[in-house]
Amino acid sequence: MTGEPILGISGLDISFTSYGQKSQILHDVSMHIDQGERVSLIGQSGSGKTVTMRTIIGTLPMPPAIIERGSIRFEGTELLTLDKRARNRLKGTGISIVLQDPMLSFNPLLTIGRQMDDVVRFADIRLNISRRRADRTARIHEVLRNVQLADPERICSAYPMMLSGGMRQRVLIGMALLNSPRLLIADEPGTALDVTTQQEILVLLNRLVDETGMSLMLITHNLGVVREMADRVYVMERGRIVETGTRAEIFNNPQHGYTRRLMEAVPSLYGSRVTDVTNERAEDAMIKVRDISKDFPLRSGLFNRQVGITRAVKDVELTINRGDIFGIAGESGSGKTTLAKMMLGLFDATDGAITMDKLNVHDAAGSRDFRKLVQIVYQNPGSSLNPKRTVADQLSVPLIFADFDRSTIAARIRELLELVDLPARYASMYPHELSGGQKQRVAIARALSVDPKILVLDEPTSALDVLIQNVVIDLLQRLRSELDLTYVFISHDLSLMRNFCNRVAIMFRGEICEQGETPDVFANPQHPYTRALLSAIPVLTDEEAAQKPIIEASERNAVLLSTTTLN
Amino acid sequence: MSSHTQLDDARQQRTLTSRQMAWYRFTRNPSAIIGSLIVISVFVAAIFAPYLATHPESAGAHVDFINRHSPPSWEFWFGTDNVGRDIFSRSLFGYRISLGLVVGVLGVAVPFGITLGLMAGYFGGRVEFIIMRFTDIMLAVPPLAMALAITAVLSPNLINAMIAITLLWWTWHTRLIYRIVKAQMSEDYVEAAKVAGASHFHIMFRELLPNCVSAISVKVSLDAGFVILFGAALSFLGLGVQPPTPDLGTMVSTGSEYLPEFWWEAVMPGMAILYAILGFNLLGDGLRDMMDVEL
Amino acid sequence: MAFYLTKRALSLLMVLLGLAVMIFVIARIVPGDPARIALGPLATANQVAELRQEMGLNDPIYVQLWHYLVGLAQGDLGKSLLTSRPVMSDILQALPATFELVLATVILQISISIPLGVLAAYYRDSWIDNITRILSLLGVVIPGFVLAIILQLLASYYFTSFPVTGRLDPSLDFQANTTGLLLIDSVIAGRPDVFIDALRYLFLPAIALAAGGIGQVMRITRSAMIEVGSRDFIEAARAYGIPERVITFRYMLRVASVAPLTILGLEFASLIGNAFVVEFVFSWPGIASYGVRTILQKDLNAVIGVVLVSGVFFVIANLTIDVLLGIIDPRHRIRGAQKA
C-alpha cells in the first residue's frame, strides 16, 4: 500500500426504519481502495452492497436510512460531514457511477447528447470552468469513441430507446467517464445483458481502468466477474464484511465459510468439479419436434395491418428421450421460450408438428390428458404465483380442473408440500411470506400436482441467488428419479446446464445451431456461436479458463450483433 | 431435508403478516382514521336520523312560520329554512337519500363495470375493442349533461337520477379494471392457470379479481363521495329528488334563493354535503396510501 | 408525429361518430313520443301526426339515423323548440362564453396545480406538503355549486369588486365580434376597460369551475413526481452532480407531466359537465346555461346539440393534449410510427 487510499471506509453502521421497527443493515463495514486499484465488493441480494454504494455516492435516502456511526474518506476528505457544496463538487468528477440497468439509467425523453451535455456543463459550472458548447461536444464525442462507439454524432442525436442494451451500457460508461473521475463505482455492470455482451463490457472497463489510471469499485454477485476484474476482493454477507484479500487469496484459499459456500455453489464449466449427468432410461423417444417453425405477424400503419412476419423459430428438429434432462440454451431473443410455449401448446406452430408421448400437441393442447402429461415451471416465482392467493389455493387449481375429488385435494396438497420439502403449515401462507427458493418450490409442487410425465423448466433458477439455486436444482434432480420425469430445461446459463443436463441444444436466431450429449458439446463445440458463448462465460479457476474454446475476433463478429455501431 | 434446503428456509424473511402491516399503516395514517370516523358518523346519522334529529318533524312538509329564517342557534344548530324547518334535522335525513343513492348506484355500476373490465382485459381482441371503444365514447359525454338529459326526459325523481348516474358510472370501473388486468396479463400466473386447465371464469374472478381488490376498494370509497356530489348537483338543478323530501342538494338550491341575507340556508346543507364527501375522500386517500395503489 | 396525430384524430373522430349514434339511439328509445313531448299535452292528435311527419318520425329508424348523420355533417342540428331557431345558431351564439370560461379554467388549473404539485413533491412530508395536500383535498371535495354559492356570498360581502352574475357590465357598449372571446377581442379593439371588466366577471366562475381539477391535478403531479424521483435515471443524474433544480424541472417534471396532462384530457368531459352548474349559478350566458334551460323544457334537439358540441370540445381538448404529449415524449412520435 502506498500513500493514503483514494477511498477509506471505516466502522460504518447504517440502520433502516420500516413499520416503526429499526433494523441495522450495515454492521461495522470497513474497506479501502488504493489509487488505481480495482476492488470488488461481492455479495448476494440483500447483503448491503447497494446501500454501501449509495452511501459513498450520497444518494442514500434518509429517512428511512440512518447513518449511525462511521466515516467515509475520499482522498483524505471526510464525506459524511462534508458540506453540500463541496460534496456536490465531487460528484461525477471525483466519484462517478455506472448503475446496474442500462435500460433504466437514462431519461427516456431527452436525447443522449443532451443528457451527456448536461453532465459536462454542470460539472463545469461547479468547477468554475468555462467551456463553449462545441468544446463540450468534442469532449463527448471523444469519450464515446473511447468506449468504442462509432458514429458519436448519430448516437448523440438518438433517444435512449433507439439503442440496443449493449450500446446503452457503453454510453452509460461513457457518461460516467465524461468528467474524468478518480474513482468509478460500477454496480453489476453487464448483468442485465447477455453473456457475450457482458464480456465485451468487462473487457472495456478493464481497458479504461488501465488507460486512465482511475480506481474501480466493482459491485457484483458474480464470482466469475470478480476473477476477471478485481485486484482485491471484499465479501459481504448480511451487512458485514466477512472476508477480504487479494484475488489470488480469495480464489485459491477462501477462509470464511460463506465465501467457500459461495465458491462451491457456482457450477463449473470445465475441469474436475464438473458432474456428468446420464440417462439410463433413454430407450424411447418422449418428445418429437418435427421441423417446427413459428411466425409472428408484424403490424404497422394506421389500421394496424400486417406488413410482414418475423420468424421466431425456424425448422427446429428435436428428439427428447424418456428420462432426459434436455437443455435448450440461447441468449435473449433466440426463440427458446417460443419453442417451450409451443411444446406446451400455448402457441400453435406455423409449420411442423410436435408429439409428446404419442399425443399430437396441436390436437391435444388444453385437454385434460395433455395437462396430465406436460406442465411448466416458470422463471420467476414472484410472477408465476398469484400474490393474492394462498399456497393451498394455488396448488388446488390444477387439481380442481383435472376433476380431482374435492375431498382428496387437501390430502394431496399436504403430499405435494412434503414432496418439495415444505412443512404442511405453509399451505395457508401467501407468496410474500415465503423466500424466493420456497416460492419456486411451491411452483414446482403446483406443476407436479397432476402427476405429469414431462416438465418444461423455463430458467427455473435464474431469479434466485446462487446459493438458493442449488436447493432447487437438488430438488429437481431428486424428483426426476423419484417420479420418473423428463425435463426440458430452458436456460441461458451454460455452466448450470453443463452440470444438470444430459443433452443440450444451442439456439441461435430461431434455429438450433448445435445439439448433442452435454460433455461432447462442451468439450468440442462446433458452431462458432457456441464457441463465442462458451468463451464469454466468466469462470472461477485458471484451469477452467484454459479449457474454454478460443475464438477469433472475425469468427466472433460473424455471429454476434455489434454493440458499437448503430444500424 | 438437505443442508441446502435448511439454508433456504433460514433465509425466509422475518416479515410481518399482511394484516399486521395493514394495521400499522392504518394507525400511522391520519387520513384513513379521520376519514373512517367521518364515514361512520355519516352512516350513524343516516340510520338513526329519527332519533338523533333535534326536530324530527322537520323531515316532512312541516311548517313553522314563527321560526322561519332563524339563524343558527342552540335551538336550531344549522338555523331554519324559509318555512321554519330545522336544517340540522333535515340534513340528517338528507344523508339517507345521499347514502341510498351511493348504495344504489355503486351496487349496480361497480359489479357491472368490473365484469366488463375483466372481460376486455382478459379476452383482448374483438371483445376488448368493442368494450373499450364504447367506454371511450362514454368518456366524451359530459356526465352531468347526460344525466340531466336522461332525468329530464324520464321525469325527475330519485330513482331516475339513480338510473342516470348508474348508466354513466360503470365506465370508470371498466377502465380501471381493464388497465390493471392488462398489466397483470403479462404475469406468469395467468398463463400458469391456463396451463393448469383453469376456466375463463376461474381466471377472471379467482385469479385476476383478487389482484384488483385494493384498487377497487380505494376507487369505491372515492366514488361514494363523488356520487353524493353528483346527486346533489342534479337535485340542485331541480332534476333530482323533489320536495318536500329532505335532500341536501335541493336544500342548497332552495336556500340559495335567500342569499346573501339568510346564508345558512344554503351554506349549512352545503357543508353537510362537503362533510360526507370529505369523509369518503379521506378514507379513499388513506386506503390508497395503506395499500399502495395507483388509480 | 404527423402519423401519430392522424391516428389519434381518427380514433377521436370515431368517438364523435359513436357518440352521435348513441345519442340518437337514446333519444329514440326514451319512452314517449318526441312530437308529443315537443308540443305538450294540450296538442291535438292531428297536430302531433303532422309534426311526426315533419320530423320524419314515420320513416324507418335507419333512414332517420342517416338523415340525422347527414344533417350533422352539414352542421344541421335541427330546430330548437324553445327558441324556434336553428339549434346550431343558438349554440354558436352561446359557445364563445363557454369557451372563454373553460379556457380560463384550464389555464388556472395548469398554472396553479402543476407548480404546487411539484412543490409538494419537492418538500415531501414537510409542512408545505401538508398545506398543499389540504388545499387539494378541499378543492376535490367541495361541490362546484357549493363553492360557487360560497364565492358569491363572499363577493357580496367582502370582494364587492367581483360581480356575481353575467359576463360583462351591460353599461359597457361592446360586441365581441372577432373571436367571440371578450378578453381577446377587447385587446384587438383597444378597449382596456372592457378587458378589465371581463376579467372581473370571469374570475369567480373560473375559480369555482377550476377548484376540483386543481386539487386532482395537484395530487397526481405530486405522486408522479415522487414516482419518477425513485427511478434509476434520477439517481444517476444526482450521482453525476446535476443540480437538484435541473433534476426537478428538466428531468423529473418532464417525465411526470405526462400523467396530469392525460388526466386533464380524460376529465375534460366532467369539466364541461360541471360548467353546467357553475354557469347556472353565475348566470353565465354559455351553452351550459342554454343546455339547462332546454333540458328543463324537454327541448330534445337542443339537448342533443349541446351534448354533441360538448363531445367536440372533448375531442379538441384531447387532440391538443396529444400534440403536447407528442412534443414532450419522443416515444409517442417514434413508436407511434413503428407499430400500434
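The values are calculated or read from the model by the stated rules, or taken from the named source; none is laboratory data. Just so we're clear, the structure is a prediction, and the values are computed from it rather than from any experiment. Glycine also receives a Cβ, built like all others from the backbone with ideal geometry; neighbour counts cover every protein chain displayed.
Run down A:Leu223, A:Leu218 and say which single residue is under 24 Å from the mean Cα position of the chain (by Cα) and either under 30 Å from A:Asp357 (Cβ atoms) or modelled with pLDDT of 90 or more (or both). Of the residues listed, the single one that is under 24 Å from the mean Cα position of the chain (by Cα) and either under 30 Å from A:Asp357 (Cβ atoms) or modelled with pLDDT of 90 or more (or both) is A:Leu218. Flag set for B:Leu144, criterion: within 13 Å of chain C (Cβ to nearest Cβ), in contact (Cβ under 8 Å) with a residue 24 or more places away in the chain and touching a helix residue (DSSP H, G or I) at 6+ places or on another chain (Cβ under 6 Å). Residue-level check: of (1) part of a helix (DSSP H, G or I); (2) more than 14 Å from every other protein chain (Cβ to nearest Cβ); (3) not charged (D, E, K, R), A:Ala505 misses just (1).
For (1) in contact with a strand residue (DSSP E or B) (Cβ under 9 Å, 6 or more places away or on another chain); (2) within 13 Å of another protein chain (Cβ to nearest Cβ), each residue gets a yes or a no:
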position: A:Ala123; (1), (2): yes, yes
position: A:Gly166; (1), (2): no, no
position: A:Val171; (1), (2): no, yes
position: A:Arg182; (1), (2): yes, no
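For the range C:186-200, what are the residues that are in contact with a helix residue (DSSP H, G or I) (Cβ under 8 Å, 6 or more places away or on another chain) and either over 20 Å from C:Thr165 (Cβ atoms) or of a type in the set (Ser, Thr, Tyr) (or both)? Matches in the range C:186-200: C:Ser186, C:Val187, C:Pro192. Listed by first and then second residue, the pairs with beta-carbon distance under 8 Å, at least 6 apart or on different chains, first residue in the range A:221-248 and assigned by TED's automatic domain parsing to the domain that holds A:Leu26, second buried (at least 22 other Cβ atoms within 10 Å of the Cβ) and among the aromatic types (Phe, Trp, Tyr), are A:Ile241/A:Tyr234; A:Glu243/A:Tyr234; A:Thr244/A:Tyr234. Within 14 Å of chain A (Cβ to nearest Cβ), touching a residue at least 60 places away in the same chain (Cβ under 8 Å), in a helix (DSSP H, G or I) and not aromatic (Phe, Trp, Tyr) - does that describe any residue in the range C:233-251? Taking every residue of the range C:233-251 in turn, at least one turns out to be within 14 Å of chain A (Cβ to nearest Cβ), touching a residue at least 60 places away in the same chain (Cβ under 8 Å), in a helix (DSSP H, G or I) and not aromatic (Phe, Trp, Tyr). Among the numbered conditions (1) at pLDDT below 85; (2) under 30 Å from A:Gln255 (Cα atoms); (3) in a helix (DSSP H, G or I), the only one that A:Gly190 does not meet is (3).
Looking only at helices (runs of 4 or more DSSP H) that lie completely in the range C:254-340, which have at least 1 residues being within 11 Å of chain B (Cβ to nearest Cβ) and not polar (S, T, N, Q)?
Result: C:258-266, C:268-281, C:287-296, C:300-328.
A Cβ distance below 9 Å, combined with a sequence gap of six or more or placement on separate chains, defines the contacts here; from the range C:46-59, residues that are aromatic (Phe, Trp, Tyr) reach no residue that is at pLDDT 75 or above. Against the definition (within 8 Å of chain B (Cβ to nearest Cβ) and assigned to a helix (DSSP H, G or I)), how does A:His362 come out, yes or no? No; evaluated as a whole, the condition is false for this residue.
Residues of the range A:405-433 that are touching a residue at least 40 places away in the same chain (Cβ under 8 Å) and either closer than 20 Å to B:Ile203 by Cα or within 12 Å of chain B (Cβ to nearest Cβ) (or both): A:Val420, A:Asp421, A:Tyr430, A:Pro431, A:His432. Residue count for the range A:382-404 under the criterion of being part of a loop (DSSP other than H, G, I, E, B), of a type in the set (Ser, Thr, Tyr) and at the interface with chain B (Cβ under 8 Å from one of its Cβ atoms): the result is 0. Note on the range A:317-373: residues that are more than 17 Å from B:Ala192 (Cα to Cα), crowded, with 18+ Cβ neighbours inside 10 Å and not polar (S, T, N, Q) amount to 20.
All conditions but one from (1) outside any loop (DSSP other than H, G, I, E, B); (2) at pLDDT below 85; (3) within 27 Å of B:Ile97 (Cβ to Cβ) apply to B:Tyr24; the one that does not is (3). In the condition set (1) touching a strand residue (DSSP E or B) at 6+ places or on another chain (Cβ under 7 Å); (2) more than 19 Å from A:Glu459 (Cβ to Cβ); (3) modelled with pLDDT under 90, A:His492 is compliant with all but (2). Do we have any residue at all in the range A:83-92 that's more than 13 Å from chain C (Cβ to nearest Cβ) and over 25 Å from A:Met161 (Cα atoms)? Scanning the range A:83-92, I find at least one residue that is more than 13 Å from chain C (Cβ to nearest Cβ) and over 25 Å from A:Met161 (Cα atoms), so the answer is yes.
A:Gln379 meets the conditions (1) over 22 Å from A:Val488 (Cβ atoms); (2) among the polar types (S, T, N, Q); (3) not in a helix (DSSP H, G or I) in every case but one. The failed one is (1). Close contacts from the range B:183-200, counting a first residue that is more than 7 Å from chain A (Cβ to nearest Cβ) and touching a residue at least 24 places away in the same chain (Cβ under 8 Å) and a second that is assigned to a loop (DSSP other than H, G, I, E, B) and among the acidic types (Asp, Glu), with Cβ to Cβ under 8 Å and a gap of 6+ residues or different chains, come to none at all.
Quick grid of which residues meet (1) on the phi < 0 side of the Ramachandran plot; (2) touching a residue at least 40 places away in the same chain (Cβ under 8 Å); (3) more than 11 Å from chain B (Cβ to nearest Cβ):
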residue: A:Val307; (1), (2), (3): yes, no, yes
residue: A:Ala312; (1), (2), (3): yes, yes, yes
residue: A:Ser334; (1), (2), (3): yes, yes, yes
residue: A:Ala349; (1), (2), (3): yes, yes, yes
residue: A:Met356; (1), (2), (3): yes, yes, yes
residue: A:Ile376; (1), (2), (3): yes, yes, no
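The helices (runs of 4 or more DSSP H) found entirely in the range A:12-129 that carry 2 or more residues being hydroxyl-bearing (Ser, Thr, Tyr) are A:49-57. Would you confirm, using the coordinates I've provided, whether A:Asp403 is at positive phi, of a type outside the set (A, V, I, L, M) and surrounded by fewer than 24 Cβ atoms within 10 Å (Cβ to Cβ)? So A:Asp403 fits the description; yes.
For the condition within 14 Å of chain C (Cβ to nearest Cβ), touching a helix residue (DSSP H, G or I) at 6+ places or on another chain (Cβ under 8 Å), surrounded by fewer than 19 Cβ atoms within 10 Å (Cβ to Cβ) and assigned to a helix (DSSP H, G or I), B:Ile130 does not qualify. Checked against the criterion of being touching a residue at least 40 places away in the same chain (Cβ under 8 Å), surrounded by 21 or more Cβ atoms within 10 Å (Cβ to Cβ) and outside any helix (DSSP H, G or I), the range A:492-501 has at least one qualifying residue. Has the range A:517-528 got any residue that is closer than 24 Å to A:Met229 by Cβ and more than 14 Å from every other protein chain (Cβ to nearest Cβ)? No, because not a single residue in the range A:517-528 is closer than 24 Å to A:Met229 by Cβ and more than 14 Å from every other protein chain (Cβ to nearest Cβ).
Yes/no matrix, rows are residues, columns are (1) among the aromatic types (Phe, Trp, Tyr); (2) touching a helix residue (DSSP H, G or I) at 6+ places or on another chain (Cβ under 9 Å); (3) more than 21 Å from A:Gln44 (Cα to Cα); (4) modelled with pLDDT under 90:
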position: A:Val397; (1), (2), (3), (4): no, yes, yes, no
position: A:Gln438; (1), (2), (3), (4): no, yes, no, no
position: A:Leu448; (1), (2), (3), (4): no, yes, yes, no
position: A:Asp458; (1), (2), (3), (4): no, yes, yes, no
position: A:Asp465; (1), (2), (3), (4): no, yes, no, yes
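Exactly one residue out of B:Gly225, B:Gly238 is buried (at least 24 other Cβ atoms within 10 Å of the Cβ) and more than 14 Å from chain A (Cβ to nearest Cβ): that is B:Gly225.
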